[in-house]
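Notes to accompany the following structure.
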Amino acid sequence: MHGRVLDRLGRRVVDGELPPGTVLGLERIAGDHGVSRTVAREVVRVLESLHLVASRRRVGVVVQPPEGWTVLDPRVVRWRLAGPQRPAQLLALSELRLAVEPVAAALAADRATPEQCGALVEAVVGMSVTARTPDLAAYLEHDARFHRTLLAATGNDAFAALAGTLTEVLSGRTQHRLMPARPLARAIGWHREVAEAVGARDAAAAERAMREIVTESTAAMTAAFAAPAAPPAPAPPGS
């Protein structure tokens with residue numbers, strides 16, 4: 001129940017349905033969602049931790065402007081991807097990936113443990129197998145594991161902390177049908193090149209292949225958002 005109300009209210013805030021300055025009371029939250037004040041209070045605490053709302057004495061719970069939101073928290077990312085901000089959100093996070101992941105790949109080539117090198121290879125094998133089915137849900141699991149492992153292999157806590165955000169980006173692309181029906185062989189090939197370069201301690205090659213991965217993903221999403229909507233099917237005769 002707590003999670004359901006949190007998702008609903010969080011989405012209403014990030015979608016702009018509850019614009020900055022809107023005042024909410026615990027009674028209103030509880031009444032709108034059919035929950036107790038205790039549940040409403042717990043939801044508010046989480047939203048406050050994300051800086052989406054702030055409690056003001058003698059005022060209530062006030063929706064905050066986007067500039068202060070914890071925009072890289074996986075929950076905020078998921079809510080924004082589920083609403084009208086999806087194109088801008090995915091493209092903004094793709095720009096972040098382009099700034100971070102090639103550097104992360106180069107660092108991983110210097111710092112990855114043998115276990116992490118093995119995990120990268122295993123993830124690529126899983127991607128290859130599930131791409132042939134194709135099973136996009138299973139493919140996503142292997143793809144997300146690859147990128148999480150790579151960030152952890154940097155040995156840098158700041159990079160590793162982005163793993164949840166990146167997982168939501170990959171999930172959003174799949175869930176909102178922005179992935180090809182069958183994953184591209186060249187994209188899997190670039191993942192394989194990254195894994196091999198990390199294992200060979202070739203930082204330049206790892207960075208180059210990772211840049212290809214993110215660039216292709218960004219270009220594909222940009223093209224998908226720019227594509228005109230399909231025309232409606234003609235009505236059958238006599239309808």
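The values are calculated or read from the model by the stated rules, or taken from the named source; none is laboratory data. The shown structure was predicted, so the numbers you read here are calculated from the model rather than taken from an experiment. No Cβ is skipped: glycine too gets one built from the backbone with ideal geometry, and neighbour counts run over all protein chains shown. Surface accessibility is based on the protein's heavy atoms, side chains included, excluding ligands, DNA and RNA. Shrake-Rupley method; radii C 1.70, N 1.55, O 1.52, S 1.80 Å.
Cβ separations smaller than 9 Å between residues 6+ apart or across chains give the following pairs from region 58-82 residues that are without any contact (Cβ under 8 Å) to a residue 24 or more places away in the chain and open to solvent by less than 60 Å² (accessible area, probe 1.4 Å) to residues that are among the charged types (D, E, K, R) and not in a loop (DSSP other than H, G, I, E, B): V71/R80.
Pick from region 83-117 the residues that are open to solvent by less than 20 Å² (accessible area, probe 1.4 Å) and of a type in the set (A, V, I, L, M): which of them is modelled with the lowest pLDDT? Result: L90.
Name the residues in region 38-57 that are touching a residue at least 40 places away in the same chain (Cβ under 8 Å) and among the aliphatic types (A, V, I, L, M), would you?
The initial filter retains those residues of region 38-57 that are touching a residue at least 40 places away in the same chain (Cβ under 8 Å), namely 42-43, 46-47, 50, 52-53.
Residues satisfying the conditions are V43, V46, L47, L50, L52, V53.
Among helices (runs of 4 or more DSSP H) entirely within region 1-69, having at least 2 residues that are within 18 Å of R80 (Cβ to Cβ) and among the aliphatic types (A, V, I, L, M) singles out 2-14, 37-49.
Residues in region 141-161 that are touching a helix residue (DSSP H, G or I) at 6+ places or on another chain (Cβ under 6 Å) and open to solvent by 30 Å² or more (accessible area, probe 1.4 Å): how many? Count: 7. State all residues of region 121-140 that are of a type in the set (A, V, I, L, M, F, W, C), more than 16 Å from I213 (Cβ to Cβ) and open to solvent by less than 40 Å² (accessible area, probe 1.4 Å); if no residue qualifies, say none. Scanning region 121-140 gives a single hit, A138.
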